[in-house]
Structures are given as C-alpha cells and as structure tokens.
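For reference, the structure is listed below as structure tokens.
Nothing in this text is a laboratory measurement; each read-out follows from the coordinates by a stated rule. Bear in mind the structure is a predicted one, so any value in this text is a computation, not a measurement. Here the Cβ positions follow ideal geometry from the backbone for every residue, glycine too, while neighbour counts run over all protein chains shown.
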C-alpha cells in the first residue's frame, strides 16, 4: 500500500495567484496583494522546497505577469492598460544569475520554439510576426503577416514541449466514461456524497487523486481533496483545500514525480510525497 506524508510547505500569507512549474525542477509562485496592488514572484526548488528567490518585483508593481519559463529564463509581460487584459511587451529574467537580461516594448509574446521567441506587433491590417533572440531580446527575423506558418510552428512547439513529468488534473465527464471502473467509482461517490459541480482528477497506475466540492449549511462550498488506492478503493489521504468558498476553484493540485502539490485556502502550498 502506498504511504503519503508531508514533504514541505510554503506560505508567505499572500494570495497565491499562479503556480508555474519549470522543466528544471523549479516552481515559480506568483502572489498578489490586492490591497497594496503589488505582485510578488517567488521561486523554490520543487523537490526540497528550498528558496531560490523570494519577493522579486518588476518596476511595474502590479499590472504584470508571466508568459512562460524556458530553460530558467522567465518571460514577463505587462498589460496595455489597467482596463484591458491584453498583454504588452516582454521582460526576460534569468533565474540563475538573478538579473534582467533585456526588456522589449515593441513586441508581444506568442510562444518559444527551438530557442527562438515568436512574437508580433499590431499593425493596421492585422499582425506582423517576428522572431527575437532569447538571450538578447533583439529581433532576428521578420515573418511578415504569415499567420499560417506561425500557427504551424506554434503547434510544433506544443508537440515538443517538455512537461518535466508533471501531471495536471482533468475534468471527469460522466457521459463519456459510462461502464468504466472510474465512471462507476465516481458515480458511487456522487451517490454517497452531496457533490456540486465537476470533479477534477488525476489517475495513475495505482492511485486516484481528485478534488470535489460539497455544499456547506450556509450555502458556501467546501473543496475537498482525496487520494485513493484505486485497487482497494481505500482513501489513504484527505485534505480540505477550502473550508468556505463562494466559487468553484479549479486546478488546486498537480503531480510531479513522487510528489503531489496542494493549494490550500489560496495562500498555502502543501507538498506531500508518495512512497510505495
């Protein structure tokens, strides 16, 4: 039987906005303080929880976010305005040196493929596409308005993306999983428990990890995570992720190798190890 125990935890008493795993065993944690209008970026070693950096901020303290992380380079973006969610510009930050490599305000990020950043700028007739150098931010190639080529390259970039052995949850759809072992398990679980909304799950060879919501007496929702040894259907781990919430909260857990990661009450990260 698998055994689960806490490996480490993380909290800086701020709202955890995003958890962004890198393919180099690092986890970027984006936190937002909505009262002071500040965003903070933190980085830990995903296997040990040890600090790599804490509380990094850009010159723009709030209206900024992360596009992607590629080979320990974080590509940040700003926004066109506070009223518009459209991204604007790029800032490249090297995790290992702790330095900003470059800032480019002329282009907007699309994707990275074969060490090149593909990006665009808006023109009157539509978009004009470019590649820029990952290390310098300098434009290397003008691809004009060849959207079909860009779409093909973007698809290729998805196909070769290294996920670093991460597993992320998917929604359970009863209609498409009738007469399956998993479908029967969740059907029974729904019958025995008052479940609201969809169930998110990850199924491995011998374990089922899932998150569901039940309704509290005051009408709020309780978000519960469970780990089940699937052969015996025995619950071997359970955690309340949110005791009282007004909305359904997706993407509160994921797996990396022998660890699973839980986002608790939107401000805490709990990491547990799985041992057979």
Hey, what's the Cα Rg ratio for region 169-250 versus the globular rule of thumb, 2.2 N^0.38 Å?
1.07
Rounded to the nearest 10 degrees, the helix 147-159 long axis (Cα) sits at an angle to the longest Cα principal axis of the chain of 40
Compute the long axis of helix 181-192 from its Cα atoms, compare it with the longest principal axis of the Cα atoms of the chain, and write down the angle in degrees, 0 to 90, nearest 10.
70
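With a/c under 1.5 counting as rounded, go ahead and sort region 92-172 into rounded, prolate or oblate using the C-alpha gyration tensor (a ≥ b ≥ c being the square roots of the eigenvalues; past the cut-off, prolate if a/b is larger than b/c, else oblate).
Oblate is the answer for region 92-172, as a/c is 1.5 or above yet b/c matches or exceeds a/b.
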What does the C-alpha gyration tensor say about the overall shape of region 7-81? Classify as rounded when a/c is under 1.5, otherwise prolate if a/b is larger than b/c, or oblate.
oblate
How big is the gap, in Å, between the Cα center of region 58-75 and the Cα center of region 209-276?
28
Ranked highest first by the average count of other Cβ atoms within 10 Å around their residues, in what order do 130-139, 29-38 fall?
130-139, 29-38
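Please give the per residue volume of the convex hull enclosing the alpha carbon atoms of region 203-276, rounded to a whole number of Å³.
Per residue, the Cα convex hull of region 203-276 comes to 88 Å³.
With only alpha-carbon atoms in the gyration tensor, what are the semi-axes of the equivalent ellipsoid for the chain, in Å, largest first?
Details: eigenvalues 275, 95, 76 Å².
Whole-Å semi-axes of the equivalent ellipsoid: 37, 22, 19.
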At 0.36 nm per residue, and after removing the present C-alpha to C-alpha distance, how many nm does the segment from residue 102 to residue 23 gain when stretched out fully?
26.3 nm
Applying the gyration tensor rule to the Cα atoms of region 90-130 (axes a ≥ b ≥ c; rounded if a/c under 1.5, else prolate if a/b exceeds b/c, else oblate), the class is oblate
What is the P(r) of region 12-165, as percent of Cα-Cα pairs per 5 Å bin from 0?
2, 8, 17, 20, 20, 15, 10, 5, 2, 0, 0
Cβ-derived FRET efficiency at R0 35 Å, residue 45 paired with residue 232, nearest 0.05:
0.55
Say each of residue 59 and residue 94 gets a label point 7 Å from the Cα, pointing the same way as Cα to Cβ; how far apart are those two points in nm?
2.0
